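Following: one structure in C-alpha cells, then a few remarks.
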Amino acid sequence: MIKAFLKDSLIYGITNVLTKGISLILVPFYTHILNPGDYGVIEILSIALTIITMVMPMEITQAISRFFPDPGYQKDKKSIASTSLFYSLTVFLFCFSIFELFPKRISYLLISRDETFLVQIMGAVIIANGLFYFTQNQLRWMLKPIRYMICSLVYSLTTISLSILFVLVLKYGVKGVFAAQAIGGFLGFIVGFSLGKEVYTLSFSYKILKVLLKYSTPIVPGTLMVFMFTYIDRLLINRFFGLVELGLYGIAYRVASIVGIVMNGITGSITPIIITNYKDHDTPAKLEKIFRYVICTSLIITTTISMFSKEILSIIAPPNYSRAFMAIPFLLYAGFLASFYVFTPGLFIAKKPIYITYITIAGAVSNTILSLILIPYFNIAGAGLATALASFIVFGIYMYLSQKFYYVPHQFKILTISFLISVIIIIAALFLGFFVSFKVLFFIKISFLVFSIYLFTHIKLVDIRDFTFLFNYIKTRFSPIGIKSKIMH
C-alpha cells in the first residue's frame, strides 16, 4: 500500500503542480497587466464557474470515485463511466445554453456591469472544463497516473501558452484569461477521453445512473456548504471592501495555493488505494504512517512560504499587491487542513454521506460567523484567519467521526506539537522582520527552517532514514527506463 501510495503520489503531485499551478504560474504575468480590480473580477467569475461545474451534475463524480474502484462493481465499470459521461455532457450543454441565451442578465448579476461577451466565453468554459475534469478524474479512478499526467500536461501547457498570448500579447484582458481556459479545457477533454477510451461505450444505464445519483445527491447540499465555506470570505471581502481588496486576497490565495496543490497531488492518490485495501488488517497502521509524513511535508512548505511571503510577493507582483502577504500564512494552514479529509476515510468506507453534509454545514456556518466578525476589523487578514479556524473545526469533526467507523492509530500528541512548532517559528520570523535587516533576517529564516525540520525528526514525527528510501524510490521511478515502462502499461 505504501509503495503504491508513493508511486501514484509522486505522479499526481507533479501533475497537480503543473495543472492547478496554472493560476500561480500566471500570477507574475497577470499582475503586471491587470490591476487588483481586474483580479477581483476574475475571482468572482471563477467562483461562479466552480460552483456550476461541481453542483449542476449533482456531484456524480463523488459517486464514481466510490463505486468505480470498488471490487463489487467490477462488471459495471464501463457502464458507470459511460453513463456518467453522457449525463454530465447533457448537464453542461444545458448550462452552456443558459449562458449563451441570457449573457447580459448574468453579467449584471455577477459583476454589476455589462460584460456580455465575457459571459458567453464563460459558457464555453463551463462545458470545456466540466468535461475535461470529468475525463481527467476518470483516469485517476482507473489508477492510470501516467495517463492522468499526460492529460493534465496538455491542458496546462495549452492554457498557459494561450493565456500569455491573449493577455500579454493581444491585450484581451479578463476575456483572454477565460478564452484560454475554454480552449485548453476542450483540448484536455479530447486527450483525456482518448486515454481512457477503454471504459467508454455507447451505452446508457438508467439503473446505474439511479445508483450513482442516489449516492451523490445527498452530498449536493453539503457541496453547496463547501462552496459557502470556501468562498464566503471572498464574497464578504467584495461586499465590505470591493473588488480591489478582493483582488489582493485573490493573489494571497494563489500564493497559498502552493500547499494545496502539492497536498492534493499527494492525497489524490490515497482514496482509491484505501477503498481497494481498507479490509487488510495492516492498512490502518500504514495510513497512520503516511499521514505523519504528509503532515511533515505540509508543515515544512507552510512554514517556508509564510516566512518568505513578503519576498515572494515582491518577485511575482508589483508594489500595489504587497499587502496581500497579511493573509498568506492563514490561507496556507487552511489549505493543507482542507486536503486532509482523505485521511479520515471512516465515513467514506461506511457509506455515510449524510454525515459529510452535516460536517460541511458546520464548517460553512462557522466560517460565515467568523468571517462576519473578523473581516470588518482585519480586512483580508481577518478573512484568512476565519478560513483557517473554520478549516481546523471541520478537520477535527471529520477525524473524530472517522475514528468511530474506521479506527486509525494516529499519534495526536506528536501531530499537535508539530503544528505548534510551525506556528511559533512563523510568528518569530515575521516579528523579527520589524527589527532586523534583510540580509540578517534571511539567514535567520533559513536557520529557523532547518531547526524546525530537526524538531520534527526529534519528536519522531518522521524518521530521517525514510527520506533515504524516498530519494532512492524517486530516483528509480523517474529514471528514463522507469518512465518508459509506466507509459507502456
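Which one of these is among the β-branched types (Val, Ile, Thr), surrounded by 24 or more Cβ atoms within 10 Å (Cβ to Cβ) and at pLDDT 85 or above: 302, 267, 297?
302
From the list 76, 8, which residue is over 27 Å from residue 171 (Cα atoms), out of contact with any strand residue (DSSP E or B) (no Cβ under 9 Å at 6 or more places or on another chain), of a type in the set (Asp, Glu) and modelled with pLDDT under 85?
8
Search segment 208-226 for residues that are in a helix (DSSP H, G or I) and pair each with any residue that is of a type in the set (D, E, K, R) and crowded, with 18+ Cβ neighbours inside 10 Å when their beta-carbon atoms are under 7 Å apart and the residues are at least 6 apart or on different chains.
Every condition considered, the pairs that remain are 215/66; 216/59; 219/59; 220/59; 223/59.
Could you check segment 239-263 and list, in sequence order, the residues that are under 17 Å from residue 35 (Cβ atoms) and surrounded by fewer than 21 Cβ atoms within 10 Å (Cβ to Cβ)?
241, 242, 244
Which numbered condition in (1) buried (at least 19 other Cβ atoms within 10 Å of the Cβ); (2) more than 30 Å from residue 347 (Cβ to Cβ); (3) among the β-branched types (Val, Ile, Thr) is the only one that residue 52 fails?
Only one criterion is unmet by residue 52, namely (2).
Let's see how each residue does on (1) among the small types (Gly, Ala, Ser); (2) more than 25 Å from residue 25 (Cβ to Cβ):
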position: 112; (1), (2): yes, yes
position: 126; (1), (2): no, no
position: 147; (1), (2): no, no
position: 157; (1), (2): no, no
position: 163; (1), (2): yes, no
position: 174; (1), (2): no, no
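Filter segment 166-197 down to residues that are free of Cβ contacts under 8 Å to residues at least 12 places away in the same chain and in a helix (DSSP H, G or I) and give me whichever is farthest from residue 63 (Cα to Cα).
169
If only one of 184, 188 is of a type outside the set (Ser, Thr, Tyr), within 19 Å of the chain's Cα centre (by Cα) and under 16 Å from residue 25 (Cα atoms), which one is it?
184
Give me the helices (runs of 4 or more DSSP H) completely within segment 339-434, filtered to those with at least 2 residues that are among the β-branched types (Val, Ile, Thr) and in the same structural domain as residue 452 (by TED's automatic domain parsing), ordered by residue number.
Once the helices (runs of 4 or more DSSP H) in segment 339-434 are filtered for at least 2 residues that are among the β-branched types (Val, Ile, Thr) and in the same structural domain as residue 452 (by TED's automatic domain parsing), what remains is 353-405, 412-432.
The values are calculated or read from the model by the stated rules, or taken from the named source; none is laboratory data. Here the structure is a predicted model, which is why all the values come from computation and not from measurement. Methodologically, a virtual Cβ is constructed for each residue, glycine included, from the backbone with ideal geometry; neighbour enumeration extends over all protein chains shown.
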